[in-house]
Amino acid sequence: MPSAKPLFKSPDVGRLIEALAESMAREMQAAGGTWGIIGIRTGGEVLARRLSGLLRFRFGEMPLGVLDITLYRDDLGAGSLSEGPIVRKTEIDFALDGLSIFLVDDVLYTGRTVRAALDALTDLGRPARVRLAVLVDRGGRELPIQPDHAAERLVVDPPARVVTRFSEVDGEDVVLVETSRGRKKRP
């Protein structure tokens, strides 16, 4: 049974999201142009909506979308996905061509989710630029992918997991580290 240790609770998670929005706003002001926000399902979706709400006060309405990367994953035939992937709808009702995009996810770990998201995005259009914004960068990359904007950087050793919960879905805002208990290491 996994054990969970909260790293950040509600007020702190809100401050992290505000800091992330501020970092993104600085880039938007410096770079200019037209920007959109796309959240990666599922954790990035809620975060993208919140960031959009915060940035709207400074920059007005901006395109907001949600990207499902299930069919772009490189682990479709492995482990828990072998029983059949759950494919959800991608909801991007604006043209990507020439638009600057913030690709948003809750936690960056190996880089494989972001790689899949970039593949999915290029099938939908050609943005002028794509910047990666994450709530937590937990380290442990397998691919050469780094966030442009990260609210928090942690070092979390495998097999521990960083898990986010958002009030819109889970009833609370919290960032947890889950560790496995009761498992014996194999020799």
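Bear in mind that the values in this text are calculations on the coordinates, not laboratory data. Please read these numbers as outputs of a predicted model, since none were measured by experiment. For neighbour counting, all protein chains shown are included, and Cβ atoms are generated from backbone atoms with ideal geometry for every residue, glycine included.
Which longest run of the chain has no exposed loop site in it, a site being trypsin sites (Lys or Arg not before Pro) in a DSSP loop with at most 14 other beta carbons within 10 Å, and the site itself not part of the run? The longest such stretch corresponds to 90-180. Here region 46-66 and region 96-164 have alpha carbon centers that stand 17 Å from each other.
Annotation: amide H of G36 within the under-5 Å range of S100, I101, F102, sequence separation 5 or more or interchain, hydrogens built in the peptide plane.
Which one, A120, A30, A21, has the greatest fluctuation when you compute a Gaussian network model over the chain with C-alpha springs under 10 angstrom? Answer for the Gaussian network model of the chain: A30.
Let a ≥ b ≥ c be the square roots of the eigenvalues of the Cα gyration tensor of region 13-158; is it rounded (a/c under 1.5), or, if not, prolate (a/b larger than b/c) or oblate?
On the way: a/c = 1.83, a/b = 1.29, b/c = 1.42.
Here region 13-158 falls in the oblate category.
If you place +1 on the Cβ of every Lys and Arg, -1 on the Cβ of every Asp and Glu, and leave all else neutral, what size is the dipole of region 1-102 about its Cα centre, to the nearest 20 Debye? List each step's numbers first, then the result.
Details: 12 positive and 13 negative charges, 84 e Å.
With only Lys, Arg, Asp and Glu charged at Cβ, the dipole is about 400 debye.
This model, with +1 at the C-beta of Lys and Arg and -1 at the C-beta of Asp and Glu, gives the chain a dipole about its Cα centre of some 680 debye. Evaluating 6.51 cos²θ - 1.76 cosθ + 1.60 at θ = phi - 60° for every residue in region 99-114, the Karplus couplings come out as 8, 7, 10, 9, 8, 10, 9, 6, 10, 9, 10, 6, x, 5, 5, 5 Hz, glycine and proline recorded as x.
When the chain is treated as a GNM, springs tying every alpha-carbon pair under 10 Å, which of P147, P11, P159 comes out with the largest mean-square fluctuation? Its mean-square fluctuation being the largest, the pick is P159.
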